[in-house]
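Enquirer: I'd like to ask some things about the structure below.
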Amino acid sequence: MKPWTFLVYLAGDNNLDAAAMADLMEMKAVGSSDAVDVVAQIDGLGDGGARRYRLTPGPAGPTALAGDVVAVLPEVNTGDPAALVDFIAWAAEAYPSERLALVLWNHGAGWKDDDVYAAARGASLNAADVAGAVVRSGGHRQAGWRRGLFRPVPADVLTVPPAQRAILFDDTSRDFLDNRELRAVLERARDLRGGRPVDLVGCDACLMSMVEVAYQMHGLCRVFVGSQEVEPATGWPYHDVLRRLAADPAQPTDALGRAIVDAYVDHADRGHATAAGAFRPDHLLTQSAVRVDRLPALVARIDDLAGALVGAVDDPGLYTTAVAPAARRVRKFRDAQYVDLGHLTTLLVDAAGPGPLADAAGAVAALLAVGTPDGVVTAS
């Protein structure tokens, strides 16, 4: 049995179709080996069906992927949890391994999984209507529509006319995978693997590295990798990630999580992510790996902090000097309701002075410190 299967589920039946193909080429640059199987499923733009690949090493090119196709499927609703479960079940049987990495590739929106697609479901657009509008530059791809799991960033969607919003949906189903469905998928994956949780779940998508999202995976995966902020359009550098895995295929799950984070940051630092305007110097670059089994302790400390904040509301002096300023100054992301928990705790500790609020904030901050023995975050 091989040490790793690296499984990527690309939901490309939307404005990220071209980016999905580019990432497949990055995976092929390294490809599978005697130690690692690199396996992907892509549902591209339109209703032409989906393909499953076992990527073999080779150069990019118009026909580069033809020999790597291992299954052709009819049109797939990538927002249906059953479709993802089917992919995992097939891969578990065809490519068994000691460890499994599952990467979910597409738009993301954090804990806000309300159905922003509802308004556009009535539109009857087909692939031919929208293909010309799906571009990597201009108003959709470069300026606004970054990777933002299986749905666009709500704030972006609501600024676009319904007919244009529809290009972001699975063209047949106009569906998406919500966070509760993600937990159900991982429960089935655990059962399919004989009770073993998925070793690593990654979201190559925007805004998914949140306590609320990661906690849905508690008991069902070991390490979660994702971005707090909107990702650059290039997403993960798969060629670099897979080279690091190929160099040490016996590496444990924590090490692969750190390798993904390091590759993502190094890719931007080297300037490669500036291609086609995908990464700007003023773009907040975020990516982290967290130990999911340590989340219950963090959630308990967050509950304590919430109680201390409620108590501070009844203390006008503390509220004015610590809570209100922290709420104003805390680092916010693309959706302003999403804030950096670590930054918030630092602000509260600095401003609150000795007492229950500072103690509660400090306890959360301690668990968020990167790389500590009992901490949640292994790399950031």
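Derivation of every value follows stated rules applied to the coordinates shown; laboratory data play no part. Predicted, not measured: the structure shown is a model, and the values here were computed from it. Cβ placement follows ideal geometry from the backbone for every residue including glycine, while neighbour counts extend to all protein chains displayed.
Enquirer: Kindly state, to the nearest 0.05, the FRET efficiency for ASP191 paired with ARG328, given R0 = 51 Å and r defined as their beta-carbon distance.
Expert: 0.65
Enquirer: Net charge around LEU309, counting only other residues with Cβ within less than 14 Å of its Cβ (Lys, Arg = +1; Asp, Glu = -1)?
Expert: -4
Enquirer: Once the other residues with Cβ under 12 Å from the Cβ of ALA363 are scored (Lys, Arg +1; Asp, Glu -1), what is the net sum?
Expert: So the environment of ALA363 carries a net charge of -3.
Enquirer: Quick one: what are the phi-derived ³J(HN,Hα) couplings along the stretch 373-380, Karplus 6.51/-1.76/1.60 with θ = phi - 60°, whole Hz, x for glycine and proline?
Expert: Couplings: x, 9, x, 8, 8, 8, 7, 7 Hz.
Enquirer: For GLN216, what residues show an amide H to amide H distance below 5 Å, using hydrogens built from the backbone and excluding near sequence neighbours?
Expert: Placed amide hydrogens put nothing under 5 Å from GLN216.
Enquirer: Can you put GLU93, GLU181, GLU75 in order of Cβ neighbours within 10 angstrom, beginning with the fewest?
Expert: Exposure proxy ranking, most exposed first: GLU93, GLU75, GLU181.
Enquirer: Using θ = phi - 60° and the Karplus curve 6.51 cos²θ - 1.76 cosθ + 1.60, what whole-Hz ³J(HN,Hα) does each residue of the stretch 320-328 get, with Gly and Pro shown as x?
Expert: 6, 8, 10, 5, 4, x, 5, 5, 6
Enquirer: Could you work out the relative contact order of the stretch 296-379? I mean the mean sequence separation of Cα pairs under 8 Å and 6+ apart, divided by the number of residues, in percent.
Expert: Once divided by the residue count of the stretch 296-379, the mean separation gives 27 percent.
Enquirer: Determine the sum of side-chain charges near ASP374: Lys and Arg each +1, Asp and Glu each -1, restricted to other residues whose C-beta is under 13 angstrom from that of ASP374.
Expert: +2
Enquirer: Then there is this: Two decimals, Cα atoms only, Kirkwood Rh: what is Rg/Rh over the stretch 296-379?
Expert: Across the stretch 296-379, the Cα-based Rg/Rh ratio is 0.97.
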